[in-house]
Every structure is written in C-alpha cells, then in structure tokens.
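The structure under discussion appears below in the form of structure tokens.
The values are calculated or read from the model by the stated rules, or taken from the named source; none is laboratory data. Predicted model, so just to flag it, every value in this text is computed and none were measured. Cβ placement follows ideal geometry from the backbone for every residue including glycine, while neighbour counts extend to all protein chains displayed.
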Amino acid sequence: MSAIRRIPPMHALSAFESAARLGGFGQAANELCITPSAVSHRIRQLEALLEIQLFERTPTGTRLTGEGRRYLESVREAFDKLASAGGRVAAEKERLRVLLPPTFARQMLMPRLPEFLRLHPEIELAVNMAVPLANVSAESADVEVRWGDGDYPEWKVCKLFDDTVTPLAAPAFGAMHGLLEPADLARTELLRAELLPWKGWFEAAGLDWQEPQRGTVLNDLGMLLEVAAQGLGVALCTRRIAAGWVEAGRLAPLFEVRAPAPFTYYAVASPLSAKRAAVADFIDWLQQSVA
C-alpha cells in the first residue's frame, strides 16, 4: 500500500512564502490581513508537518535556513504552476457538441450562428449532421435538434416552433402543367419525402386521396426542395424551411391552402446534459432566434 501523501495546507504555504519574500512575520501579517502570531503559528504548523526548520528565530528577527531556502524554491515553483494552470483553464472555451439535420443546419442555424458566438464567446461549438429521422441519433451530442413529433420520453424536450406545409414548385412549373387548383395535382409528379407525408395537406385541400405510392423519394428536405427547384416535380414542405428558396425566386407556392405540419423541430438533451449552463443557454437562444 502506498504511503499517504501529506499535503501542507494552503494557508500555511501562503504564510511561509509571504514571510520569506517580505523578510519577516510582521510584513507577512500585513499582506495577509492576519496577526503576526497567526503567521508564526501557521509556519510552525508547516515546520511540524515537514519535520524541518524553515526559519531561524533571533531577537532581531527571522531568516530562512538552508532547508527553508530550498523549500521556498519548491513552493514558488508550485505557485507558478497553479497560476499558469488557472490562466489556461480561464482561456479554454467550453465545448458544446450539437447534432442537427442537414437542412435545418444550413437554413436555420448557420445564418444565425455568428449572433450566438458573439453572445457566448465562452462556448465553442462542434456541429455535426444527424440522420433526419424522428428517433435516430448517429452519435453522441450535448444537444440534438430532431425532426419529429416531440415524443422523446427519456429526454428534456423543447419545441422550437410550429409550422405549416404547402406544395411548392419552380415558378414556371404551375403554368406549364396547368396547375390551377389542388385537384390538378393528379396529373403531375408529386415528389415524396418520408419526413413530410402528403395526406394531411390533401385533407386540408378537400381531396380524398391516399398517400402517393409512386415517384421520387428523398430523405432530406433540402434535396427535396432542390429537385423541385429544378422543375422535376412538386414538393410539399414547411414554410420556414422553404423560405430561402422562395425568397430567392427558385420556388413558389402553388396554392393558398396550407395545413399544419405533422412534424417539426425539437431541441433535445439528456437529463444530465440539460443541467449544463451552456446547454440551457444554447437551447434558449435557438428557440428565441428561430421563433
């Protein structure tokens, strides 16, 4: 069994270093805001622990012994290391691992990210892409943004926003295919995404149609919108995610009919991660930023 390490108390080391540096117990007492007798007591405590004499006491004052001088070098070296380590810790940023679906990351987070980094310079983000399905985590993270229904019983969950869906196509696509009312969609290509089924919008438009069973299927909303922007069909997507394409004039809503989105984005964290201030700060900022 290894010997028990006897670590001197910090108050005794401080008294010793101060008295040695300033040349006396009285000067050390003034610096430490204690009495000279308290300084003397702490140094005697240190000498007893070390089993060496650090100071020679004389009627005219005190001076370091040879052992005291050697020990002073060790104490100062230890103090220097503690001071430099403290500076390094203060300079280090808190790392926050965030996992997001690709389209959310590109359209919703990246344009707003400079604001978060400006508000929280103490946080360093590591952003990775997640598989955009309701209950899939490709790797561990402190915060995840999930596309789903919010039913994550083992997680702390924060809904980021509600949204609506509507069909979109390239600007000339509707006129080219004679899409004047929702029922006209029966004669065109409906792009499909497991992330956003058509059935809810059909019902809002008064169409007694089943979910399309044929046509292109994509598992990323960004790819879905890009395919639609190339004139290859009609995409059903949420207003917020499609905003960039619509504002750029690459896509346009075909009809005024909108339906509540069956899914939306949630920020989730494990109960342990949720206790971290950096996690709470990021989720609060993200919710307010995209609201």
Q.
Let me confirm something: among 105, 78, 85, 91, which residue is modelled with pLDDT of 85 or more and not hydroxyl-bearing (Ser, Thr, Tyr)?
A. 105
Q.
Pairs needed: first member in the stretch 26-53, in the same structural domain as residue 75 (by TED's automatic domain parsing) and within 18 Å of residue 68 (Cα to Cα); second member anywhere, of a type in the set (D, E, K, R) and outside any helix (DSSP H, G or I); C-beta distance under 9 Å; at least 6 residues apart or different chains.
A. 40/57; 49/6; 50/6
Q) If you scan the stretch 163-199, which residues turn out to be under 18 Å from residue 245 (Cβ atoms) and among the β-branched types (Val, Ile, Thr)? A) 164, 165, 166
**Q.** Criterion violated by residue 56 - all others in (1) loosely packed, with under 14 Cβ neighbours inside 10 Å; (2) part of a helix (DSSP H, G or I); (3) of a type in the set (D, E, K, R) satisfied
**A.** (2)
Q: Pull up the stretch 232-251, narrow it to residues that are closer than 18 Å to residue 104 by Cβ and among the β-branched types (Val, Ile, Thr), then point me to the one that is surrounded by the fewest Cβ atoms within 10 Å (Cβ to Cβ).
A: 246
Q.
Suppose we filter the stretch 160-185 for residues that are under 30 Å from residue 108 (Cα atoms) and not charged (D, E, K, R); how many remain?
A. 15
Q | Positions within the stretch 153-195 being assigned to a strand (DSSP E or B), of a type in the set (D, E, K, R) and crowded, with 18+ Cβ neighbours inside 10 Å, in sequence order | A | 156, 192
Q: Please find, within the stretch 252-291, the residue that is surrounded by the fewest Cβ atoms within 10 Å (Cβ to Cβ) out of those that are assigned to a loop (DSSP other than H, G, I, E, B) and of a type in the set (Lys, Arg).
A: 276
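Search the stretch 262-282 for residues being touching a helix residue (DSSP H, G or I) at 6+ places or on another chain (Cβ under 8 Å) and of a type in the set (A, V, I, L, M, F, W, C), and hand back the single one that is nearest to residue 159 (Cα to Cα).
The first filter runs over the stretch 262-282 and keeps only residues touching a helix residue (DSSP H, G or I) at 6+ places or on another chain (Cβ under 8 Å), leaving 262, 265, 267, 269, 273-274, 279-280, 282.
With the extra rule that they be of a type in the set (A, V, I, L, M, F, W, C), the set shrinks to 267, 269, 274, 279-280, 282.
Details: 267: 6, 269: 12, 274: 15, 279: 15, 280: 14, 282: 14 Å.
Once the filter is applied, the top-ranked residue is 267.
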Q. Which of (1) loosely packed, with under 14 Cβ neighbours inside 10 Å; (2) closer than 21 Å to residue 170 by Cβ does residue 226 not meet, given it meets every other one?
A. (1)
(Q) Being among the hydrophobic types (A, V, I, L, M, F, W, C), more than 30 Å from residue 125 (Cβ to Cβ) and out of contact with any Phe, Trp or Tyr (no Cβ under 7 Å at 6 or more places or on another chain): is that true of residue 224 here? (A) no
